[in-house]
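A.B. asks: The structure that follows is given in the form of structure tokens.
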Amino acid sequence: QVQLVESGGGLVQAGGSLRLSCAASGRTLSRYIMGWFRQAPGKEREFVATISWSGDNSYYVDSVKGRFTISRDNAKNMVYLQMNSLKTEDTAVYYCAAGRDLSALRQAYEYWGQGTQVTVSS
């Protein structure tokens, strides 16, 4: 079993930056593919980014490419999402997830955090 807890969300102005963190407990993070998803009010949870076990491979949804960076520190059981040049449309609850496949599909992830709110104001 893996437990995930996100932190770092908050209110920022458009154009600003924010770094989300995800702390894991249980089995070592090195066993899992990690991903970030987000869900805005009235919308489905959508894929944001994913990263391989080693951290050598990562993929992003087109809307955040060049602005967001996913990273991981397996020794600390931590995953991060650095968000730069934030836009109002980035406003959502952000979730970290652990799974077995490098995938943009929610079904590929077995464990989920509780989410952290990111609000971007204009």
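The values are calculated or read from the model by the stated rules, or taken from the named source; none is laboratory data. Keep in mind it's a predicted model, so treat the numbers as computed, not measured. Glycine also receives a Cβ, built like all others from the backbone with ideal geometry; neighbour counts cover every protein chain displayed.
A.B. asks: Has segment 24-38 got at least one residue that is surrounded by 14 or more Cβ atoms within 10 Å (Cβ to Cβ) and polar (S, T, N, Q)?
C.D. replies: Within segment 24-38, none of the residues are surrounded by 14 or more Cβ atoms within 10 Å (Cβ to Cβ) and polar (S, T, N, Q).
A.B. asks: Any residue at all in segment 61-71 that's touching a Phe, Trp or Tyr at 6+ places or on another chain (Cβ under 9 Å), touching a residue at least 60 places away in the same chain (Cβ under 8 Å) and in a strand (DSSP E or B)?
C.D. replies: Checked against the condition, which is being touching a Phe, Trp or Tyr at 6+ places or on another chain (Cβ under 9 Å), touching a residue at least 60 places away in the same chain (Cβ under 8 Å) and in a strand (DSSP E or B), segment 61-71 yields no hits at all.
A.B. asks: Another one. Among the residues in segment 54-68, are any surrounded by fewer than 22 Cβ atoms within 10 Å (Cβ to Cβ), charged (D, E, K, R) and under 14 Å from the mean Cα position of the chain (by Cα)?
C.D. replies: yes
A.B. asks: Inspect segment 72-92 for any residue being touching a residue at least 40 places away in the same chain (Cβ under 8 Å), over 16 Å from G9 (Cα atoms) and surrounded by fewer than 19 Cβ atoms within 10 Å (Cβ to Cβ) and give the result as yes or no.
C.D. replies: yes
A.B. asks: Filter segment 72-103 for residues that are in a loop (DSSP other than H, G, I, E, B) and at pLDDT 95 or above; which is nearest to S52 (Cα to Cα)?
C.D. replies: First pass over segment 72-103, keeping only residues in a loop (DSSP other than H, G, I, E, B): 77, 84-87, 91, 100-103.
Adding the requirement that they be at pLDDT 95 or above leaves 84-87, 91.
Values: N84: 22, S85: 24, L86: 24, K87: 27, T91: 26 Å.
This residue is N84.
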